[in-house]
Amino acid sequence: MARALTRTRSTRTRTRARAARRRTADACLLLVAAAFALPLAWVVLASVDPSAGLRVRVPHALTLGNFRAILTPDITYTPLLNSLILCGGATALTVGCAALAAYPLSRFRSRLNRPFLLTILFATSLPITAIMVPVYALFVRVNLIDTLQGTILFFAATQLPFAIWLMKNFMDGVPKELEEAAWTDGASPVQSLLRVVLPLMGPGLAVVTVFSFVMMWGNFFVPFMLLLTPDKMPASVSVNDFFGNRGMVAYGQLAAFSVVYSTPVILLYVLVSRRLGSGFALGGAVKG
Amino acid sequence: MRRRGAAPGLLRALPLAPAVVLLLLFLAGPIAYCVLIAFTDLQLTGQAHSSFVGFANFRRAFADPAFLNAVWLTLVFTVLSSIVGQNTLGLALAALMKRASRPVRAVAGAVVVTAWVLPEVVAGFLLYAFFRREGTLDAVLGWLRLPRQNWLYTLPILAVSFANVWRGTAFSMLVYSAALDEIPAEISEAAEVDGAGGLRRLWHITLPMIRRSIGTNLMLNTLQTLSVFGLIWVMTRGGPGDRSQTLPLLMYEQAFQNSMIGYGTAVALLLLLVGALFSAVYLRLLRTEV
């Protein structure tokens, strides 16, 4: 009896301790979140502030003037369209090549699989920034400089290692038996890849697609180096024009443009992570 | 069971071809070219032929105070922002998330991940506005009656390091959240009942159990941080002077603003070598998985 009593008491103290710990954790997290949110709050508030400055503050009046000022072909539509062409093209190329490449790696046994995968994994972590100078020199030589197709090809190549790696891991999750059934029905490997394997790994395919697209949408250095003509520039580079070229920096417009330019990738991320859990981009890459 | 239409080895490898061609042409090719021109005196303008100069570019780099400065700043930037900042804060956030109440967890997670998903240049602007004189940090410090200063001028490398922490912590947080979820609850509960305090549990149970996640996370963070260009470029252009000029920015300046492609590439090659070294360690850490 006495023993049972002590036990309930100790459980109670432990629950109380746990509640206290939860409150502490909540407080700490909210503090960090507030610090992280300050720069984000600036961009949102400044975009609707008629007299925006560098500091976070609640606008005295709300305006859509900043958005109206930037939603012109010159400032917004052309760069966003360029971004869409670049990233869309490169993503399609990446996903197509990665799906094809992952198939033999996942389905057939070969002595070359392991060295190939190790090379791919090694390549995923090379600093691409470092090779931009030789890539520039190379592109000048073969006349690919300042072309969208050249930039698309290079973009695709930089995303490919990680895409192949992810794709192969997702493909391994599709049971081979289903495919063998298709084979006995007379399907060729290409047919079984298109009709059986890829449809079954829909979420994985979505992850690879969204991840590639988001990475390239935000990439600054590659188009900054490989494109020269202003009307070919994607939004990641053209946003720079708000500084310098246009004289005084219109912070409200800069913020409005940042909001417009960032919204698609945030929406894409939310869409995919809703379906697949927050660690979606990590896939098999950092299991450990 | 014999499969119908089983393709011979070469035909089976055919789907690899497009990817391999792209990788060879646009990744392996430039890397090989990088090695080649790092040993020449290639320049951008007014030069018909470049000639082989051996290790001159590398000797020049190691004697160049600008290079040594960039190496030092890269080291400071990487250690501060990736190893200390992103890694520790990411682990702390993941641990707090496990204990916090559900709505707080959702809010904090969303804010931190948004900072990660934003395009690089936008992140650069936001933090430029945050650290500038008259910016938000300035206002907060003034409100707290702490000494105010123009961070981008007085401590530019610290400002860009914080910026990188802001931007990159989400990745570590996600990695560590996944790792912590895999620790069986019984183990830490048993330790708790045995009276082990929070710090001892962290040191003797949690950290050893997630050590492989720590390894891979550190490796990926470091590699990511080594090649940061846009964030620093937008915030400081490597300045004032060269006080936030890390290796990628030095490489860009030498190759393009000074037209010394050969020298710039030598710098790039050194960066690539450091990256390759880290990559190799990363592979060792994952070796049981492939």
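The values are calculated or read from the model by the stated rules, or taken from the named source; none is laboratory data. The structure displayed is predicted, hence computed values, not measured ones. Cβ placement follows ideal geometry from the backbone for every residue including glycine, while neighbour counts extend to all protein chains displayed.
Tabulated data for the structure shown
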quantity	calculated
Qualifying positions in the range A:174-232 - more than 30 Å from residue B:11 (Cα to Cα), in a loop (DSSP other than H, G, I, E, B) and of a type in the set (Val, Ile, Thr)	A:229
Meets criteria (among the hydroxyl-bearing types (Ser, Thr, Tyr) and farther than 15 Å from residue A:122 by Cα) for residue B:279	no
Pair list, Cβ under 6 Å, 6 or more apart: the range A:202-222 residue more than 13 Å from chain B (Cβ to nearest Cβ), other residue among the aromatic types (Phe, Trp, Tyr)	A:204/A:170; A:207/A:280
Unmet requirement for residue A:50, which otherwise passes all of (1) farther than 23 Å from residue B:120 by Cα; (2) within 9 Å of another protein chain (Cβ to nearest Cβ); (3) part of a loop (DSSP other than H, G, I, E, B)	(2)
Some residue of the range B:196-203 being at the interface with chain A (Cβ under 8 Å from one of its Cβ atoms) and either closer than 26 Å to residue A:223 by Cβ or modelled with pLDDT under 90 (or both)	no
Positions within the range B:199-230 being among the hydroxyl-bearing types (Ser, Thr, Tyr) and not in a helix (DSSP H, G or I), in sequence order	B:227
Residue ranges of helices (runs of 4 or more DSSP H) in the range A:63-150 with at least 2 members within 14 Å of chain B (Cβ to nearest Cβ), closer than 30 Å to residue A:174 by Cβ and at pLDDT below 90	A:78-107, A:113-124
Qualifying residue in the range B:170-183 (condition: in a loop (DSSP other than H, G, I, E, B), surrounded by 14 or more Cβ atoms within 10 Å (Cβ to Cβ) and on the phi < 0 side of the Ramachandran plot)	yes
Residue list for the range B:89-142, filter: of a type in the set (Gly, Ala, Ser), in a helix (DSSP H, G or I) and facing chain A (nearest Cβ under 7 Å)	B:108, B:109, B:115, B:129, B:139
Failed condition for residue B:183, given (1) free of Cβ contacts under 8 Å to residues at least 24 places away in the same chain; (2) more than 12 Å from chain A (Cβ to nearest Cβ)	(1)
When residues of the range B:143-154 are limited to those that are within 13 Å of chain A (Cβ to nearest Cβ) and assigned to a helix (DSSP H, G or I), the one farthest from residue B:119 (Cα to Cα)	B:143
Qualifying positions in the range B:54-66 - assigned to a helix (DSSP H, G or I) and farther than 12 Å from residue B:249 by Cβ	B:56, B:57, B:58, B:59, B:60, B:61, B:62, B:63, B:65
Residues being closer than 25 Å to residue B:228 by Cα and either crowded, with 17+ Cβ neighbours inside 10 Å or of a type outside the set (A, V, I, L, M) (or both) - total across the range A:108-143	21
Residue among A:139, A:155 that is under 21 Å from the mean Cα position of the chain (by Cα) and closer than 24 Å to residue B:249 by Cα	A:155
Residue tally, condition touching a helix residue (DSSP H, G or I) at 6+ places or on another chain (Cβ under 6 Å) and either β-branched (Val, Ile, Thr) or within 25 Å of residue B:226 (Cα to Cα) (or both), over the range B:143-173	17
Single condition residue B:157 does not satisfy, out of (1) closer than 27 Å to residue B:98 by Cβ; (2) among the β-branched types (Val, Ile, Thr); (3) part of a helix (DSSP H, G or I)	(1)
Filter result (at pLDDT 90 or above and out of contact with any Leu (no Cβ under 8 Å at 6 or more places or on another chain)) within the range B:235-252	B:249, B:250, B:252
Filter pass, residue B:270 being more than 7 Å from chain A (Cβ to nearest Cβ), crowded, with 24+ Cβ neighbours inside 10 Å and over 17 Å from residue B:81 (Cα atoms)	no
Residue match in the range B:269-289 (condition: at pLDDT below 90, under 30 Å from residue A:242 (Cα atoms) and of a type in the set (Lys, Arg))	no
Lone qualifier among A:21, A:12 - being in contact with a helix residue (DSSP H, G or I) (Cβ under 9 Å, 6 or more places away or on another chain) and part of a helix (DSSP H, G or I)	A:21
